[in-house]
Amino acid sequence: MDWEFCSVERSGRIVTVRFDRGYPANPMSDALMKELTDLARWLDEDLETSVVVLTGRSDNFSMGFDLKEGRDPDASLLERRRAVQRGPRLCRAWEDLEQMTICAIEGWCVGGGVALATALDLRVMGEGSTLYVSEIERGMNMSWNSVPRFVNLCGPARTKRLVVMAERVGAEQAKEWGLADELTPKGGAFDKAMVMAERIASLPPVQVRMLKKDVDVAAKALNHAVSFMDADQFVLSQTSEDYREGVESFLEKRPPNYTGR
């Protein structure tokens, strides 16, 4: 199949997916999110693959959702509610893959990029790369069903530092917190992810899929129950003055002034 933003390569039981918007920020547009979702659903039908390696650009994984895209101010509540479900559907499509999934991260991994990365099974970060959940600084809640995934990986207190305090988490700290599984020198994340993928690909493919599901059910049984409303909360946050101030201050490159309205 042909993809606009993604390239797909196969080597035995390993598939590599790279996504690239064509410029360093590599932001998540609606079109890219739809393509990555469709690609995951296509991979779901692939019985020849044991592991999928996902990576962005070599300079940045992704700076998150592209705020310059904007939203239609005249869209109905139903249309806005549907639009904000693109991110959750993207993460769920990748999380639901039976194959093991590994994310290779270089540079910045922000907002929706972090949400996508934590929907995968394993994460490898290159030296100098950074995780940053900036949503609260834009007047938003963190959605995409990602908060329970963060809690699964690093616990409640560190999740609050990540999503409430919007701390920038470097590669070494991410490894300490449990958000990263392996660290490499800068530029080495993809190669290390491939070493891990080759190990997985050498193992019995059916057992790989069954054991992944065993672990996921044990760890994530309540995730949906505690996050199913976050998209509606995002729609609600979009009606606030603080949301408009957060987005405008970001685009205008000035400090925000929040009022709680």
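Considering only the stretch 135-166, state which residues are of a type outside the set (A, V, I, L, M), touching a residue at least 12 places away in the same chain (Cβ under 8 Å) and over 22 Å from LYS34 (Cα atoms).
GLU137, ARG138, GLY139, PRO148, PHE150, ASN152, CYS154, GLY155, ARG158, THR159, listed by residue number.
For the stretch 71-101, give me each residue that is among the acidic types (Asp, Glu), in a helix (DSSP H, G or I) and modelled with pLDDT under 95.
Passing the criteria: only GLU79.
Okay, residues lined up against (1) of a type in the set (Lys, Arg); (2) within 22 Å of ALA219 (Cα to Cα); (3) touching an Asp or Glu at 6+ places or on another chain (Cβ under 8 Å):
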{"residue": "PHE61", "(1), (2), (3)": "no, no, yes"}
{"residue": "ASP66", "(1), (2), (3)": "no, no, no"}
{"residue": "ARG81", "(1), (2), (3)": "yes, no, yes"}
{"residue": "ARG86", "(1), (2), (3)": "yes, no, yes"}
{"residue": "ALA93", "(1), (2), (3)": "no, yes, yes"}
{"residue": "MET100", "(1), (2), (3)": "no, yes, yes"}
{"residue": "TRP108", "(1), (2), (3)": "no, no, no"}
{"residue": "GLY111", "(1), (2), (3)": "no, no, yes"}
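Go over the candidates SER146, SER129 one by one and state the one that is within 30 Å of PRO256 (Cα to Cα), surrounded by 19 or more Cβ atoms within 10 Å (Cβ to Cβ) and touching a strand residue (DSSP E or B) at 6+ places or on another chain (Cβ under 6 Å).
The unique qualifying residue is SER129.
Can you pull out the residues in the stretch 18-63 that are more than 16 Å from GLY112 (Cα to Cα) and among the polar types (S, T, N, Q)?
Those that are more than 16 Å from GLY112 (Cα to Cα) and among the polar types (S, T, N, Q): THR49, SER50, SER58.
Which number in (1) in a helix (DSSP H, G or I); (2) buried (at least 18 other Cβ atoms within 10 Å of the Cβ); (3) among the aliphatic types (A, V, I, L, M); (4) modelled with pLDDT of 95 or more marks the one condition that MET210 misses?
(2)
The values are calculated or read from the model by the stated rules, or taken from the named source; none is laboratory data. Predicted, not measured: the structure shown is a model, and the values here were computed from it. Ideal geometry is used to build each Cβ from the backbone, glycine not excepted, and the neighbour counts take in all protein chains shown.
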